[in-house]
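Take a look at the structure set out below.
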Amino acid sequence: MAEIHFDGVGKIYPGGTRAITDVSFEIHDGEFVVLVGPSGCGKSTLLRMVAGLEEITEGEIRIGDRVVNDVPPKDRDIAMVFQNYALYPHMTVYDNMAFGLKLRKFSKDEIERRVQEAARVLEITEYLQRKPKALSGGQRQRVAMGRAIVREPSAFLMDEPLSNLDAKLRVQMRSELGLLHARLKTTTMYVTHDQVEAMTLGDRVAVIRKGVLQQVDAPQELYKNPANLFVAGFIGSPAMNFIGGSVSGGHFDYGAGKLPVTRDIAAGSGRVVAGIRPEHFFVPEGELHPDQGMEAEVGLVEQLGSDALVHFEIDVAPVLTPDIRELLEDAGEDASSLGEKTKMVARVDPLAAPRPGDRMVLGVESDKMHFFSEDTGEVI
Amino acid sequence: MISRRSVTLRHIGLWIGIFFALYPVVWIISASVNPVDNLAASRLIPEGLTLDNYRGLFDDPLVPFRDWLINSWKISLAGAIGNLALAALAAYSFSRLRFRGRRAGLLGLLLVQVFPQFLGFIAIFFTLQAIGEVAPGFGLDTHAGLLLVYLGGAIGFNTYLIKGFMDTVPISLDEAAKVDGASPALIFWRVILPLTRPVLGVIFIITFVGLYGELLLASVLLRSAENFTLAMGLQQFSLSEYAAKWGALSAAAILGSAPIVATFLVAQKQIVGGLTQGGVKG
Ligand SMILES: Nc1ncnc2c1ncn2[C@@H]1O[C@H](COP(=O)(O)OP(=O)(O)O)[C@@H](O)[C@H]1O
Ligand SMILES: [Mg+2]
């Protein structure tokens, strides 16, 4: 058991690529912290620096009370789960799990005890004598977990451990991982690019963008109070809707209409980006004054049973800041595919959902809107 | 559908091929057991059956056949093992370590290999002579000296082959082992080497067979008859008055090559597999 401290940590790869810039935060003892961010943002790099697989080129990482910058991986008392599992193909499942213990000169009895116990917890006892290639993806994943568990390390480091599983298995393993952590309470640093995984697993979630830590907070806090536009857009599915405009006289004016601003936002703060979560739209029961909602041109309506996702357009050009551009890229889209109008998604009561092609005013819970500076992306 | 006709044609082709391949083998086997011991009289079907030719090999004081056989095995075995050890270590470094001159070194190894070793005969000869003045155990006409030259010989190519194989072993296995507590040496022994075994086996056999039949370097560097390898001995054999003893020569050739042929027959599947498969299956 130990906490992990990051103190001004930076990483420049030998080729000159800067992967991490000035990261400072800590993972508390027994805490499950998820590192999340788009592909290539430096999550693995940060994790591997804790593991000792990458040199720490700037700053300091402490595990417990010890600065580990110059401590080799084997002496850091951590165990790692790799994305491709990295099971030793020539060893049986048992030997895969026992390998680290043998190297650490544990007694045969103790090794046997720990491997059997881990196998029991992970329900892989019947495969102990198999080689990894005779296992399914899910079973390999369990073995990889088992190899980490038997070491009883002070921290687990996991690099996208579920990303090679199919969707259904991933959900199942995700909840098992959560249970496992509740049981072992081992400090865990977990890397993923899947924000749903991050939100469901993490005691706290750290969002990284281009090697810079954006925000570390509990999932709900991150969702409710994102520190900037990037975090706001990255966390949540469907993603937060963004509109450009300006604030004056108690109103947010986005060109095609206005919305009341209840909070005290300095007038004349220039161009701002407003963020509205899909669930903060509603279908009004009667006619709604245009200033309390948005003129929407309804497109696709996805009935999900518990609620409905209404895709609609409003008659304003889409706002495009560097953050939004990056979020689009991460979603596999392109700024040029945006079109003339701003596309939005609302999550509404399935019984009240409009029909495709409708023109209507969608209500907005304007007190729940977020505002970000268009220049910096910081929350206002 | 393949027609019966084309199957028949293929079979005929096959049998012709087999006939051509086996004809000399059968001939030499039959000569080795033929009591009539001369080239002119020998034929495909022997006139009788005798093991005298084989027995004779071991009790002719002028022809230390037994020594040659032992020498060949000793040298080929030591050479193949040494070669494998050096090539595997070099391949590990080239595959896993990042050091200055890595690319150049890799290229150099291959380039040097392009020049056949016999181009350097004179240089090798004088080098060994010079070494012999300092360390007589490694000079001319010693097995250790010959081994030294052999070890330099095939390492480049083997290193390349093994490196290519090791490159297919994911680096995350090294990293997992590192986190598990293994030193680089242990990673090599416990993880990389076991996974590279198929290609190591193949290279061992190929190197062994190559050294077993090597004649040129051996005949430049070895002088005294009791130090000869089998290949050298047989060559001398065929040039001397023994050439007339066709049966004895045949018997010697068979005794010399039987183990090699047996190895190939047993290991052929692994040889093909080892050269084509990667380190991590499935
Ligand atoms: N060994 C390396 N040498 C140079 N650059 C690297 C190396 N590994 C990763 N990078 C770069 O560092 C950045 C972060 O990579 P990584 O930590 O793997 O991202 P993530 O895990 O978040 O997808 C990327 O731009 C990547 O190209
Ligand atoms: Mg990664």
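Past 18 Å, Cα to Cα, is the threshold; run A:LYS210/B:LYS178; A:LYS108/A:LYS185; A:LYS74/A:LYS131; A:LYS43/A:LYS210 against it and keep the listed order.
Details: A:LYS210/B:LYS178 28 Å; A:LYS108/A:LYS185 26 Å; A:LYS74/A:LYS131 25 Å; A:LYS43/A:LYS210 9 Å.
Over 18 Å Cα-Cα: A:LYS210/B:LYS178; A:LYS108/A:LYS185; A:LYS74/A:LYS131.
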Can you send over the solvent-accessible area of A:THR200, 1.4 Å probe, protein chains only, in Å² to the nearest 10? 80
What is the sum of charges, Lys and Arg at +1 and Asp and Glu at -1, for the other residues whose Cβ falls under 11 Å from the Cβ of A:ASP315? -2
Ellipsoid semi-axes in whole angstrom, largest first, where each is sqrt(5λ) of the Cα gyration tensor of chain B: 40, 30, 16
For region A:115-125, Karplus-derived ³J(HN,Hα) couplings (6.51, -1.76, 1.60; θ = phi - 60°; whole Hz; x for glycine and proline) come out as 5, 4, 5, 5, 4, 5, 4, 8, 6, 10, 4
For chain A, modelled as a Gaussian network with Cα springs under 10 Å, which listed residue fluctuates most, A:SER107, A:SER154, A:SER248? A:SER107
Over what distance in Å are the Cα centres of region A:10-88 and region A:274-302 separated? 44
So how far apart, in nm, are the two label points at A:ARG113 and A:ILE265 if each is 7 Å from Cα heading toward Cβ? 6.2
Percent carbon-and-sulfur accessible area, the protein assembly as shown, ignoring ligands, DNA and RNA, probe 1.4 Å: 59
Have a look at A:VAL71, A:VAL364, A:VAL81 and tell me which one the Gaussian network model of chain A (Cα, springs below 10 Å) gives the largest fluctuation. A:VAL71
For the pair A:HIS28 and A:GLU365, the simple spin-label estimate (label points 7 Å beyond Cα toward Cβ) gives in nm 2.8
Note on region A:59-83: residues buried by at least 20 Å² of accessible area once partner chains are added (vs chain on its own, 1.4 Å probe) come out as A:PRO73, A:LYS74, A:PHE82
Inside 10 Å of the C-beta atoms of A:86-98, what's the mean count of C-beta atoms belonging to other chains? 4
Mind listing the long-range amide H neighbours of A:PHE371? Cut-off is under 5 Å, sequence gap 5 or more, other chains count too, H placed in the peptide plane at 1.01 Å from N. A:GLY275, A:ILE380
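Taking the square root of 5 times each eigenvalue of the Cα gyration tensor, what semi-axes in Å does the equivalent ellipsoid of the protein assembly as shown have, largest first? Write out the running numbers ahead of the final one.
Details: eigenvalues 1094, 167, 114 Å².
Computed over the protein assembly as shown, the values are 74, 29, 24 Å.
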Whole-Hz ³J(HN,Hα) for each residue in region A:14-24, computed from phi via Karplus 6.51 cos²θ - 1.76 cosθ + 1.60 with θ = phi - 60°, x for glycine and proline: what do you get? x, x, x, 5, 8, 9, 9, 10, 6, 8, 9
Between B:ASP167 and B:PHE118, the FRET efficiency computed from the C-beta separation at R0 = 35 Å comes out, to the nearest 0.05, as 0.65
Distance between the C-alpha centers of region A:206-264 and region A:130-185? Whole Å please. 34
Check cross-link reach from A:LYS341 to the aspartates and glutamates: straight Cα distance under 13 Å, and skip same-chain residues fewer than eight apart. A:GLU295, A:GLU297, A:GLU313, A:ASP315
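Considering only protein heavy atoms, what per residue accessible area in square angstrom results for region A:126-219 with a 1.4 angstrom probe?
Per-residue value: 39 Å².
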Karplus 3J(HN,Hα) series, Hz, for region A:356-366 with 6.51 cos²θ - 1.76 cosθ + 1.60 (x for Gly, Pro): x, x, 4, 10, 7, 9, 8, x, 10, 7, 5
Accessible area expressed per residue, region B:62-277, with surrounding protein chains retained (probe 1.4 Å, Å²): 48
Separation in nanometres of the label points that stand 7 Å from Cα toward Cβ, at B:GLU133 and A:ALA317: 8.8
Given 10 Å bins starting at zero, what is the percent of C-alpha pairs of region B:1-109 in each, up to the one with the largest pair distance? 11, 18, 18, 17, 20, 14, 2
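Under the definition of partner shielding as Cβ atoms of other protein chains within 10 Å of a residue Cβ, what is the mean value for peptide B:162-174?
On the way: counts 0, 0, 0, 0, 0, 0, 0, 1, 5, 2, 9, 8, 2.
Per residue, the number of nearby Cβ atoms from other chains is 2 on average.
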What do you get for chymotrypsin sites (Phe, Trp or Tyr not before Pro) in region B:199-251 restricted to DSSP loop and a cutoff of at most 16 other Cβ within 10 Å of the site's Cβ? none
Dipole of region A:15-155 (Lys/Arg Cβ +1, Asp/Glu Cβ -1, origin at the Cα centre): which of A:LEU53, A:LEU128, A:ASN69 lies farthest to the positive side? A:LEU128
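The values are calculated or read from the model by the stated rules, or taken from the named source; none is laboratory data. On a predicted model such as this, the values are computed, not experimentally measured, just so you know. Positions of Cβ are backbone-derived with ideal geometry, glycine not excepted, and every protein chain shown enters the neighbour counts. Protein only, heavy atoms only, side chains kept; ligands, DNA and RNA dropped before computing areas. Shrake-Rupley method; radii C 1.70, N 1.55, O 1.52, S 1.80 Å.
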